[in-house]
Amino acid sequence: MVHIMFNQAAQELTTIRDILRFAVSRFNEAGLFFGHGTDNAHDEAAYLILHTLNLPLDMLAPYLDAKLLEAEKEEVLAVIERRAVEHIPAAYLTQQAWQGEFDFYVDERVIIPRSFIYELLGDGLRPWIEYDELVHNALDLCTGSGCLAIQMAHHYPDAQIDAVDVSLDALEVAGINVEDYGLEERIQLIHTDLFEGLESSYDLIVSNPPYVDAESVELLPEEYLHEPELALGSGEDGLDATRQILLNAAKFLNPKGVLLVEIGHNRDVLEAAYPELPFTWLETSGGDGFVFLLTREQLLGEE
């Protein structure tokens, strides 16, 4: 029935306005989850249509009444049908994800970039890192697509950056992005599990590790099932990876070095598990409960 409806659409719809309306209706009907770039059916449909037609992503209005060639219409409707029927996140359909001013290649080998950490780099860390030039060595644990490592290279122009992931598939995607930004000389991709085998010390360590607890993994919307399972869940309470980071980070931080970790909705559980650690929770667009900061000295109980 759904496929018949899309065949009918191909015959009767003519303009971008027609297809936009059709897509919004199908997305709402399908009960899609929007959490990988947009937050509503209209914006998601507009993005997919504009991207597929190679039109400017911020300029829908001038094209709304443009008629499409049959080949263009078939291509757009095929993308819309996959989004509606298979619940594939839009970023995987376009193989593009945005964070601020940066766009990255993504596919189903990596989670879609959505960490709040990128908002905090540079000025957001000014109370702890007075000048960006003070960061000479930095580490991105669980780098995935390499998005945070690349943005660290932008904010800290004197830094050499190690980007670590346990997934070789993820590192292949990260390699594409590092090359796209011409950062092969500054970002080293390392295949290992968290700190295992690392020998350097760092002025800044950031990590957006797996942090979804087992109960929440079972309840994730269908869209998330297209993402690598390894990058989502982290034990019963979602903190297995974070525990390893807290246990080992001080050994890899330089004096006054800073650790920045995103942990999702686990603030209460984490604080209960580590009452002795003076977590600083940083304000992001999502609130102040998602990213914590600790210095080397705080991890060692020296301040």
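In debye, nearest 20, what is the charge dipole magnitude of the chain about its Cα centre with +1 on Lys and Arg Cβ and -1 on Asp and Glu Cβ, if you could check?
Dipole about the Cα centre, nearest 20: 520 debye.
Can you send over the carbon and sulfur percentage of the accessible area for the chain, probe radius 1.4 Å, protein chains only?
Numbers: 7200 of 14420 Å².
Of the solvent-accessible surface of the chain, carbon and sulfur hold 50 percent.
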*Just tell me, in residue order, which DSSP H segments of the chain are both 20 angstrom or longer along the helix axis (alpha-carbon based) and at least -0.5 in mean Kyte-Doolittle hydropathy.*
16-30, 70-86
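What is the local net charge at residue 158, summed over the other residues whose Cβ is closer than 9 Å to its Cβ (Lys, Arg +1; Asp, Glu -1)? Show your work: numbers first, answer last.
Working: positive: none; negative: 132, 133.
The answer is -2.
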*In deg cm²/dmol and to the nearest 500, what is the mean residue ellipticity at 222 nm of the chain if only DSSP H runs of at least 4 residues count, each as -39500 (n - 2.57), divided by the residue total?*
-11000 deg cm²/dmol
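Compute the signed sum of charges (Lys and Arg +1, Asp and Glu -1) over the other residues within less than 15 Å, Cβ to Cβ, of residue 130.
On the way: positive: 126, 256; negative: 123, 132, 133, 158, 203.
That works out to -3.
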*aspartates and glutamates within cross-link reach of residue 73: Cα-Cα under 14 Å, excluding same-chain residues under 8 positions apart?*
12, 18, 65, 81
_Surface accessible to a 1.4 Å probe, per residue, for the residues of the chain, Å²_ = 48 Å²
*Would you grab the residues whose amide H sits under 5 Å from the one on residue 189? Only those 5+ places off in sequence or on another chain, please, with H modelled 1.01 Å from N.*
163
*Sum of side-chain charges, residue 147 neighbourhood, beta-carbon under 11 Å (Lys, Arg +1; Asp, Glu -1)*: -1
*Which entry in (1) 14.5; (2) 16.5; (3) 19.0 matches mean projected area of the Cα convex hull in nm² derived from the coordinates of this structure?*
(2)
*Give me the distance between the Cα centres of region 166-195 and region 58-125, rounded to whole Å.*
22 Å
*Mind listing which chymotrypsin sites (Phe, Trp or Tyr not before Pro) in region 73-159 are in a DSSP loop and have 10 or fewer other Cβ atoms within 10 Å?*
131
*Name the residue farthest towards the positive end of the dipole of region 22-148 from the options 116, 142, 35, assuming +1 on Cβ of Lys and Arg, -1 on Cβ of Asp and Glu, about the Cα centre.*
35
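The values are calculated or read from the model by the stated rules, or taken from the named source; none is laboratory data. Quantities reported herein were computed from a predicted structural model and do not represent experimental measurements. For neighbour counting, all protein chains shown are included, and Cβ atoms are generated from backbone atoms with ideal geometry for every residue, glycine included. Heads up: the accessible areas ignore ligands, DNA and RNA and are worked out on the full protein's heavy atoms, side chains in. Shrake-Rupley method; radii C 1.70, N 1.55, O 1.52, S 1.80 Å.
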